[in-house]
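The values are calculated or read from the model by the stated rules, or taken from the named source; none is laboratory data. No experiment lies behind these values; they were computed from the predicted model shown. Virtual Cβ from ideal backbone geometry, glycine too; neighbours counted across all protein chains shown. Ligands, DNA and RNA are stripped out before the accessible areas are found, and what is left, the full protein with its side chains, is counted by its heavy atoms. Shrake-Rupley method; radii C 1.70, N 1.55, O 1.52, S 1.80 Å.
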Amino acid sequence: MSNLSRRNFITGGAIAALGGTLALAGCAPKGEAAAASGVTGEGAQSWTGTSNGKGGELSVEVITEGDAIARINILKSRESYGVGTAGIDILSDLIVEHQTLNVDTVSGATVSSMAFLSAVSDAIDASGMKASEWKKRDKAVPQAPEGLETDVDVVVVGAGGAGYAAALTVAEAGKKVVLLEKLGITGGDTILSGGAMAVPGNWFQVKEGIDDSVEKMAEDMIVGGDNVGDPELVNVICQGAYNAMEWLIFEGGVAWQPYQRFFGGHSVSRSLIPEGNEGSGIICKLDKRAEALKTLTVCRNTKADELVTDASGAVVGLKATNTATGETYDFTSKAVILAAGGFGSNVEMRMKYNPEMDEKILSTDSVGATGDGHLMAEKIGANLIDMQYIQTYPTCDTQTGALLYVGNMRLENRAICINKEGDRFVEEMERRDVISNAIKEQTDGIGYMIFNQEGLDATDIATVNAAEMDGLFGRNQLVKGETIAEACEPFGIDAAELEKTVETWNGYCKDGADPDFNYRATLNPIEGGPYYILAYKPSVHYTMGGLHINPDAQVLDNDGAPIPGLFAAGEQAGHKMGTNRLGSCSITDVFVFGRVAGANAAALA
């Protein structure tokens, strides 16, 4: 492992201790941090309002002093950390500072924003004032950072994992960098993900005696992508994984759970899970780190419009627009890094390259994943590659398309995948594309998974994902029954057949082998109730295609030559994953190539 790390002297125990001290901070709503004290001064009064958000009931306390709002406290909320909570924080500040309810929802956190505004309106009405009149007051919008400089060393487009990695690397090199995010919140697809990161040679593997290597992970990725991905790019990811993980810990303050997971398509367990089991455990830490760097400015609500080139064709800047204020910017720079993600939320673009990916298939992706960076770069001659390869994630909400974290019972080796007929139809640890394609062949194009209380209690899924579980129960997408037959009834699943399937599975667990599908992870029986059944179907999750780059993250033109001054990282860049991405490799990719792009762009400045 000496060739992987400059800190290879750290033991697993030391890392675990370090992880325990790096609790999540940043991205929490200010109202949540403040005590709901009722009054703030003479004549102050407290009023409550309630609504339903993405995470269920949302209750607020509005403190008024006369006819003004002095403060808004969150009494009850399970909105997504760093997404819904960030949107609420932004709106709370706007309402109190400008004394108005004439505010737009925060892009990227629309559902939470609507719920928060509804709850505040409810509280204002309870106070005797009229929320309808507050909504007619002068409009308040988020403002651009004060004194925003447009002559910088590097411009980074997209404040997801790759964008933060690139921008922080530039800033740490002492260069001036601006990070543009078109949504009202940062994080991109990284903050919506589970945040799992594949790292060969990690401390869990050392402790557990798991034989792994850079070469083995690279082989898994290349084979998992049907040998279409570029081995040179794959090697950069795998070689840089350990150092990227260390950078996240020591420079970003990211903490990891005291366990790792096995993902389908990998030959061994090698995937670390961030504290909180979500990408917010990474992004919120990097956002906090960014705030501390004077040479880095993060601009939300700022959409990149056009790359600027000089007479030689080199990229020397970028035009952008503040979507909240309408203000336009002409940034000049030595380099531009495109890290704006994929195009999974752009149905028209999906169908252009893969007609099967039509509007009938929902998406797990951020609303900002619309391929803007692809189109900007293509206009100046950049080559797009592998655009037809679009991955679906198999276990997603049948109604909303959202990735189901309760579905991680499959990855915890505690659930089996079954169809409406009550039969298993695929190996649960197979590649994502294999499972997705198998689901499409089942009745109604829907799959189900069954697990029991004992299996659920063996994980932290019910605790970490309580809000998701409540929402699924409320929509009958997750059912609990004392018996298998009781759990089957709402879905119309053949209970007698499923009882046989579970009995057969339990027998395989005792025997230590699965002759039907060759299950490759730990076989855990599902014995005794209560039982749970979860419905799911595939959603668009990742676009393997993107801008063609070289190992230095330089964007290539149609002749294969680097475009001076233009770099790309993360899902924005293609030809790394081939036809299919293995789970947890994206997070590794964004932080490896994000740092590569940042270092090489900074070197030009």
Total residues in the stretch 548-579, condition over 28 Å from the mean Cα position of the chain (by Cα) and hydrophobic (A, V, I, L, M, F, W, C): 2
The stretch 43-78: number of residues that are in contact (Cβ under 8 Å) with a residue 40 or more places away in the chain, within 30 Å of residue 325 (Cβ to Cβ), open to solvent by 10 Å² or more (accessible area, probe 1.4 Å) and in contact with a strand residue (DSSP E or B) (Cβ under 8 Å, 6 or more places away or on another chain): 4
Residue within the stretch 152-163 that is assigned to a loop (DSSP other than H, G, I, E, B), more than 27 Å from the chain's Cα centre (by Cα), at pLDDT 95 or above and crowded, with 16+ Cβ neighbours inside 10 Å present: yes
Complete set of residues in the stretch 103-151 that are part of a helix (DSSP H, G or I), open to solvent by less than 50 Å² (accessible area, probe 1.4 Å) and either of a type outside the set (S, T, N, Q) or modelled with pLDDT under 95 (or both): 115, 116, 117, 119, 120, 123, 124, 131, 134
Total residues in the stretch 189-228, condition touching an Asp or Glu at 6+ places or on another chain (Cβ under 7 Å), closer than 17 Å to residue 245 by Cα and either open to solvent by 10 Å² or more (accessible area, probe 1.4 Å) or without any contact (Cβ under 8 Å) to a residue 12 or more places away in the chain (or both): 2
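Tell me which strands (runs of 3 or more DSSP E) are completely within the stretch 296-406 and hold 2 or more residues being within 25 Å of the chain's Cα centre (by Cα), or say none if there are none.
On the way: elements: 296-299, 302-309, 315-322, 328-332, 335-338, 390-396.
It comes to 296-299, 302-309, 315-322, 335-338, 390-396.
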Test: residue 361 is over 25 Å from residue 163 (Cα atoms), open to solvent by less than 10 Å² (accessible area, probe 1.4 Å) and aliphatic (A, V, I, L, M): no
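Filter the helices (runs of 4 or more DSSP H) completely within the stretch 194-280 down to those with at least 2 residues that are within 18 Å of residue 571 (Cα to Cα) and under 22 Å from the mean Cα position of the chain (by Cα). Walk me through how you get there before you give the answer.
Numbers: elements: 203-208, 214-224, 231-250.
So the answer is 214-224, 231-250.
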Which numbered condition residue 420 misses (of (1) closer than 28 Å to residue 576 by Cβ; (2) touching a Ser or Thr at 6+ places or on another chain (Cβ under 6 Å); (3) not assigned by the TED database to the domain that holds residue 549): (1)
Breaking point among (1) surrounded by 22 or more Cβ atoms within 10 Å (Cβ to Cβ); (2) touching a strand residue (DSSP E or B) at 6+ places or on another chain (Cβ under 9 Å); (3) closer than 30 Å to residue 462 by Cβ, for residue 412: (1)
